[in-house]
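The values are calculated or read from the model by the stated rules, or taken from the named source; none is laboratory data. Keep in mind that this is a model prediction, so the values were computed, not measured. Counting neighbours? That spans all protein chains shown, and the Cβs are built from the backbone with ideal geometry, glycine included. These accessible areas exclude ligands, DNA and RNA; they are computed on the full protein's heavy atoms, side chains included. Shrake-Rupley method; radii C 1.70, N 1.55, O 1.52, S 1.80 Å.
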Amino acid sequence: MSDVSAVKAALKSQVIETPSWGYGNSGTRFKVFAQPGVPRDPFEKLADAAQVHAYTGVAPKVSLHIPWDKVEDYASLTRHAEGLGLRIGAINSNVFQDDDFKLGSVTHPDPKVRRRATDHLLECVDIMDATGSPDLKLWFSDGTNYPGQDDISGRQDRLAEALAEVYGRLGEEQRMLLEYKLFEPAFYTTDVPDWGTSYAHCLKLGPKAQVVVDTGHHAPGTNIEFIVAFLLREGKLGAFDFNSRFYADDDLMAGAADPFQLFRIMHEVVKNGGLKAETNVNFMLDQCHNIEAKIPAVIRSVTNVQEATAKALLIDTEALAEAQRSGDVLAANGVLMDAFNTDVRPLLADVREELGLGRDPFAAYLASGNQERIAADRVGGEQAGWGA
C-alpha cells in the first residue's frame, strides 16, 4: 500500500485488545513478584487499561478473565468501562486452577467434573450477555502426562460434547474462540495441542467457532504466518493472542523476541484482508508482565504491534507480485526486507498527532505521573493478579 493517507487510515482504525491480567501481579511457576500500584480489583484494572488507550488511541477493548475478574454486578463494571472510554472484549474462562481439574476439565474421566467445567463455560456466556462481550475465549490445559493415562480418542469425544453444548448457548452475535497450546501443563498429550485440532473442532461446530493463534504456543521453527494465511483463507481466524517467546510460552511483550516474525504475521494479515472490519479478527495481547511495570509494558506491546502493522502496510505489493510471478526470489525477498527495515516511528508519531495524542505514548505516560499516583493510592488490600 503506497498511499500514505490510506496507511494512516488503516493504522487509525486498528483496534488492539489488552488483557486485564496484564495489569495485575503475575509470575512464573516459582515466584510472583508483587509491584506497587497494581490493581486491587477489576475496576482498577479497567482504569489502567484506560491509561493505555488514552496514550495510544487504539486500545479501547479489555479482555476479562473469570473468575479473576468476577464481580457481583457486571452491569456496573460495564458502565465503569464505558465511562472510561472502554468496552468489554473477550470473556476468558478458567478451567485449570481448581483441584478438581487435575486430570482435566471438560475431558476429565469423571462426568461430574466435566459437568462442573462445562457449567463454568456456560457461566461465562452469561457474563458475555451481561457485559455485551462478543467473544468467549476458551483455553484448556487438559491433557495427560503418561502413556496409557487415559483414552486419547475418548477425550476428544468429551471435548466435542462440551464444546457443542456451549456453542448451542451462544447468541446470534456471539462467537467461540478456541485457543491451542503445544504443551504445558500436560506433557504427554494435550487435548488441543495445535491449530489443526482447534480448526477441526471449530469446523464441526459451525460459523460462530473460530481459532485463536497465540504466538507463543508453537513448536520451535513453526511457520506461524502460514497458519495465519491458511485460517484467513478459510474464514476461521478469530483472534490473536500476541506475545513473545524465546523458549516456550514465555508471555513476553509482543515483538520483543522476534519483531521480524511479528512483521511476517502482519504481512499475511494485511494481504489476506485481516484488517478489514468484516473479517472480525480480534487483535488481543496475552502477556504477563512479571518484572516490568505493567502499564508501560502494555503500551510498549501495543506500539510494537502498530509498528509491525505499519511496516506490513508499506510493502510494495505490486513489486512483490511481479517478482513472485517472474520467480525472482531475491527481488521478492528484497521487497519485504525494504518494508521491514523502514523506520515507521515518525509515521506513527504523525498518526498519533493527528488523533490529538502525544507523538511518543511511552514517554507521555511516564511524564504524566500516573505511575507514581497509583503506587501511592493503591496501598492496602489484596492485589489482583495471576497467582496473587
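I'd like to check which helices (runs of 4 or more DSSP H) are fully inside region 250-358 and have at least 3 residues that are closer than 25 Å to K12 by Cβ, of a type in the set (S, T, Y) and open to solvent by less than 60 Å² (accessible area, probe 1.4 Å).
The qualifying helices (runs of 4 or more DSSP H) are 294-313.
From R245, R300, R233, which residue is in contact with a helix residue (DSSP H, G or I) (Cβ under 7 Å, 6 or more places away or on another chain) and charged (D, E, K, R)?
So the residue among R245, R300, R233 that is in contact with a helix residue (DSSP H, G or I) (Cβ under 7 Å, 6 or more places away or on another chain) and charged (D, E, K, R) is R300.
Could you tell me which of the residues K61, K31 is without any contact (Cβ under 8 Å) to a residue 40 or more places away in the chain and out of contact with any helix residue (DSSP H, G or I) (no Cβ under 7 Å at 6 or more places or on another chain)?
Working: K61 fails: without any contact (Cβ under 8 Å) to a residue 40 or more places away in the chain.
From the options K61, K31, the qualifying one is K31.
Residues K271, K294: which one is over 17 Å from the mean Cα position of the chain (by Cα) and of a type in the set (K, R)?
Going through K271, K294 in turn, the sole match is K271.
Only residues that are more than 20 Å from the chain's Cα centre (by Cα), over 25 Å from L231 (Cα atoms) and touching a residue at least 12 places away in the same chain (Cβ under 8 Å): list them for region 123-153, please.
E123, D129, A130, T144, N145, Y146, P147, Q149, D150, I152
Only one of (1) over 27 Å from the mean Cα position of the chain (by Cα); (2) buried (at least 17 other Cβ atoms within 10 Å of the Cβ) is not met by E372, so which one is it?
If we test E372 against (1) over 27 Å from the mean Cα position of the chain (by Cα); (2) buried (at least 17 other Cβ atoms within 10 Å of the Cβ), just (2) comes out false.
List the number of the failed condition for E123; all other conditions in (1) of a type outside the set (V, I, T); (2) more than 23 Å from Q383 (Cβ to Cβ); (3) in contact with a helix residue (DSSP H, G or I) (Cβ under 6 Å, 6 or more places away or on another chain) hold.
The number of the failed condition is (3).
So that you can scan it fast, the table gives a plain yes or no per residue for (1) among the hydrophobic types (A, V, I, L, M, F, W, C); (2) out of contact with any helix residue (DSSP H, G or I) (no Cβ under 8 Å at 6 or more places or on another chain); (3) surrounded by 24 or more Cβ atoms within 10 Å (Cβ to Cβ):
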{"site": "T56", "(1), (2), (3)": "no, no, yes"}
{"site": "W68", "(1), (2), (3)": "yes, no, no"}
{"site": "L77", "(1), (2), (3)": "yes, no, no"}
{"site": "A90", "(1), (2), (3)": "yes, yes, yes"}
{"site": "N94", "(1), (2), (3)": "no, no, no"}
{"site": "S105", "(1), (2), (3)": "no, no, yes"}
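So P134 passes all but one of these: (1) open to solvent by less than 20 Å² (accessible area, probe 1.4 Å); (2) under 19 Å from D241 (Cβ atoms); (3) not aliphatic (A, V, I, L, M). Which condition number does it fail?
Here P134 meets the rest and fails (1).
What's the total number of residues in region 236-248 that are open to solvent by 10 Å² or more (accessible area, probe 1.4 Å), out of contact with any Gly (no Cβ under 7 Å at 6 or more places or on another chain) and touching a residue at least 12 places away in the same chain (Cβ under 8 Å)?
2
What are the residues in region 167-203 that are over 28 Å from R29 (Cβ atoms), touching a residue at least 24 places away in the same chain (Cβ under 8 Å) and not polar (S, T, N, Q), if any?
Of everything in region 167-203, those that are over 28 Å from R29 (Cβ atoms), touching a residue at least 24 places away in the same chain (Cβ under 8 Å) and not polar (S, T, N, Q) turn out to be Y167, R169, L170, G171, E173, R175, M176, Y199, H201, C202, L203.
Here is a check on your reading of the model: is K204 under 28 Å from G235 (Cβ atoms) and out of contact with any helix residue (DSSP H, G or I) (no Cβ under 8 Å at 6 or more places or on another chain)?
Here the answer is no, as K204 does not meet what is asked.
Just for region 1-20: of the residues that are in contact with a helix residue (DSSP H, G or I) (Cβ under 7 Å, 6 or more places away or on another chain), open to solvent by 20 Å² or more (accessible area, probe 1.4 Å) and not aliphatic (A, V, I, L, M), which one is farthest from G238 (Cα to Cα)?
So, considering only residues that are in contact with a helix residue (DSSP H, G or I) (Cβ under 7 Å, 6 or more places away or on another chain), open to solvent by 20 Å² or more (accessible area, probe 1.4 Å) and not aliphatic (A, V, I, L, M), the one farthest from G238 (Cα to Cα) is K8.
Can you spot a residue in region 159-167 that is in contact with a helix residue (DSSP H, G or I) (Cβ under 9 Å, 6 or more places away or on another chain), closer than 30 Å to R79 by Cα, among the hydroxyl-bearing types (S, T, Y) and open to solvent by 10 Å² or more (accessible area, probe 1.4 Å)?
The answer is yes; a qualifying residue exists.
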